[in-house]
Structure formats: C-alpha cells, structure tokens
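This report refers to the structure that appears directly beneath it.
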Amino acid sequence: MSATTIAPTATGTAAKAAGPRRGAARRRRENLAGYLFMTPWLIGFVAIIGGPVVVSLYLSFTDYSILGDADWVGTENYQKMFTEDQRFWAALRVTFTYLIVSVPLVQVFALGLATLLVRGIRGLTAYRALFYVPSLIGGSVAIAILWRFIFSANGLLNNFLTAIGLPTDYSWIGMPETALSTLVILNIWQFGAAMIIYLAGLKQIPTELYEAATVDGAGGLRKFWSITLPMLSPVIFFNLLMNVVAAFQAFNTAYIVSNGTGGPADSTLFYTLYLYQRGFVDFDMGYASALGWVLLVICGAVAAGLFALSRRVVFYGDE
C-alpha cells in the first residue's frame, strides 16, 4: 500500500477522534455556564435553607432554649413526644381531620365549577377572576380576622340569622364542636387556584372522545366517569398533592382565629401552631425542632403514599 493511501486514512482517523473531544469540551463549557448562573441560588439554598435544616436536625436531639447552650439529650425529645405529650396527638388529630375533610371538598367544588365554566358561558373571564380572588387573599391575616368576625357570637352570621328570625348568640369559633369547621369552610372557600388548573386541564381533553362517546350512546355521567376523570387524573393528582401539603402547613388562620392558643379545648390546634408554641412561646427550640422533623417525615410519607397510589389510578395520555 502506498504512502499516499495511508496519509488520508490517518488524517480522517485524527479528525474523527478530535470531534468527540471538541463536543466534550463544549458540553463542559455549557455545564460550567449553567452552574455559574445557578451559583446565587445554590449559595442562598445552602445558607438560608440547607444550613438551618442541618442545624435543626442536630437541635432536635438537644435541650435548647435559645438563651442557653444546646445540651445533647439523644432521642429524649422524640420519646417524650410519642409517650407523654398529649397535645402532640391532639395536634395530629386536628391536622388530619382538617386535611381529610377539607382537601377532598376543595377538589369537588373546584372540579364541579370548572366543569360548568368550561362549557363556554358568557363572561368566563370575569367568573374566573371572581372565583380566583379568594385563593389570592385567603391565607392573609386580614381574611383570618374577617373570618373571626363573621363567626363570633356577635358576628355577621349571627346577625344574619337574627334578621331572618333565628336569633342566636352562639359563638361558632368559641365552641369546640364548630371551631374547626369554620376553618374547613375557609379552606374550601379558597378553591379558585385548583379550579383554574382544572379548567386548563379540561380544555386539553380532545373533543373527539366526547363525540365518539355520544355516537355510542353514552350519557353525561358516563362521559364524565369514563373520559373526563381518566384524562384529568394527572391534574387531579397534582391538585390533591399540593392541597395536602398546604393543609399540613396551615397556620395563619388557626393562629388568628384562636388568638394563638389553638382553642377552644385545642380544637384548632394545628400541628404548625403547636410547633410555633413550643418554639417561640415556650422557647423549647430542641423540642420544636423534633416536632418539625416528625412533620417532615409524616408529610413525606403521605406524599410517597399518594405517588404510589398514582401508579394505579393516574392515566397519562402516552400510556
């Protein structure tokens, strides 16, 4: 074989080897640029979130009151929590009752109204804005104060009942039997955000499916059960997960309505409110840190359960 034949072959081999090297170098430069843009967020995460999270884990195994040194006590906080602290169990019971009752009702109201609005009624934009407003202001302190005024003994609800001939001085937020119900109603009232998401999901369902079902003689209920719910199941799962997490984090309304006590008779003692009391009222930061980690584990377990369930009941269009 002549030299003139070997030279082009060697040159081609070198060019092919240089190609992957140039591609790898380009990818490294792109990755470096991405990390540089992420650097401010990473610094903020480590300093503002990551650092305190690690410290809180350590403090959960200590007796720490802010004013003194943190004394290592091992698992004493957790043992006390599960074996001696009755208010811990009361807070769990109140939080799960609030979650189990209000979250499904939010989905029902949001999906029901979205199903009506998706039919293209006149003034749809105005209706969407009107129903979305409570979600924007529902968690504010002002709305919590208003809610307390509505359901107090001399509040708007009792004044209305008196005006229609049903005089009463019953304090809806002052009695253990009804105090939590008022907060459930407040959470249901804030269904606007979920409704907007459901409305967007309903508009993505192909109309051909409904037309084919109509030809086959399916009625409205059958279409809803066999087409709407399966096609909307990813959106339902998303809304459900977000609402569950929000229910675990509920704080403002319970704090304002109960004056920060969780009363009456601990009927509105949400878990986050109890954590706040132990940490910032009793200054028992070690115990409050343990409460926070238990809440994280509970919330993570519930979320994991929902994801496991979603594998069976959530339908994706590409399946």
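Just so you know, all these numbers are worked out from the coordinates, no wet-lab data involved. Everything quoted here is computed from the prediction, not taken from an experiment. Here Cβ is always computed from backbone atoms with ideal geometry, including for glycine, and neighbour counts include all displayed protein chains.
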Cα gyration tensor of region 186-238, axes a ≥ b ≥ c as square roots of the eigenvalues: rounded (a/c below 1.5), prolate (a/b > b/c) or oblate? prolate
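Where a ≥ b ≥ c are the square roots of the eigenvalues of the C-alpha gyration tensor, would you call region 143-192 rounded, which needs a/c under 1.5, or, failing that, prolate if a/b is larger than b/c, or oblate?
Working: a/c = 2.06, a/b = 1.56, b/c = 1.32.
Taking the square roots of the gyration eigenvalues as a ≥ b ≥ c, region 143-192 is prolate.
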Can you compute log10 of I(q)/I(0) for region 134-282 with the Debye formula, treating each Cα as one identical point scatterer, at q = 0.09, 0.19 Å⁻¹? -0.45, -1.07
Across region 215-226, in residue order, what do the Karplus-derived ³J(HN,Hα) couplings come to in whole Hz, using 6.51 cos²θ - 1.76 cosθ + 1.60 with θ = phi - 60° and x for Gly and Pro? 4, 7, x, 6, x, x, 5, 5, 4, 5, 6, 9
Candidates LEU57, LEU116, LEU202; GNM for the chain (alpha-carbon contacts under 10 Å) flags as most fluctuating LEU116
Show me, for region 40-52, the HN-Hα J-couplings you get by feeding each phi into the Karplus relation (A = 6.51, B = -1.76, C = 1.60, θ = phi - 60°), rounded to Hz, glycine and proline as x. x, 5, 5, 4, x, 5, 5, 6, 9, 10, x, x, x
Give me the net charge of ARG278's neighbourhood, meaning all other residues with Cβ under 10 Å from the Cβ of ARG278; Lys, Arg count +1, Asp, Glu -1. -2
Compute the acute angle (0 to 90°) between the alpha-carbon long axis of helix 229-249 and the principal axis of greatest extent of the alpha-carbon atoms of the chain; round to the nearest 10°. 60
Using only Cα atoms and rounding to the nearest 10 degrees, what angle (0 to 90) does helix 141-151 make with the longest principal axis of the chain? 30
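Can you give the FRET efficiency for SER140 and GLN79, using 1/(1 + (r/R0)^6), R0 = 41 Å, r = Cβ-Cβ distance, to the nearest 0.05?
Working: r = 39 Å, r/R0 = 0.94.
Computed FRET efficiency for SER140 and GLN79 comes out at 0.60.
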When the scattering of the chain is computed by the Debye formula from its Cα atoms alone, each counted once and equally, what is log10 I(q)/I(0) at q = 0.09, 0.14, 0.15 Å⁻¹? -0.70, -1.20, -1.27
Interchain or sequence-distant (5+) residues whose placed amide H lies within less than 5 Å of the amide H of THR62 are VAL73
Helical contribution to [θ] at 222 nm, DSSP H n ≥ 4, -39,500 (n - 2.57), averaged over the chain, rounded to 500: -23000 deg cm²/dmol
Ranking GLY286, LEU269, GLN190 by how far each Cα lies towards the positive end of the charge dipole of the chain (+1 on Lys and Arg Cβ, -1 on Asp and Glu Cβ), the top one is GLN190
Each residue of region 101-107 in turn: what ³J(HN,Hα) in whole Hz from Karplus with 6.51, -1.76, 1.60 and θ = phi - 60°, glycine and Pro shown as x? 7, 7, 4, x, 5, 4, 5
Comparing ASN252, ASN239, ASN158 in a Gaussian network model of the chain (Cα, 10 Å), the one with the largest mean-square fluctuation is ASN158
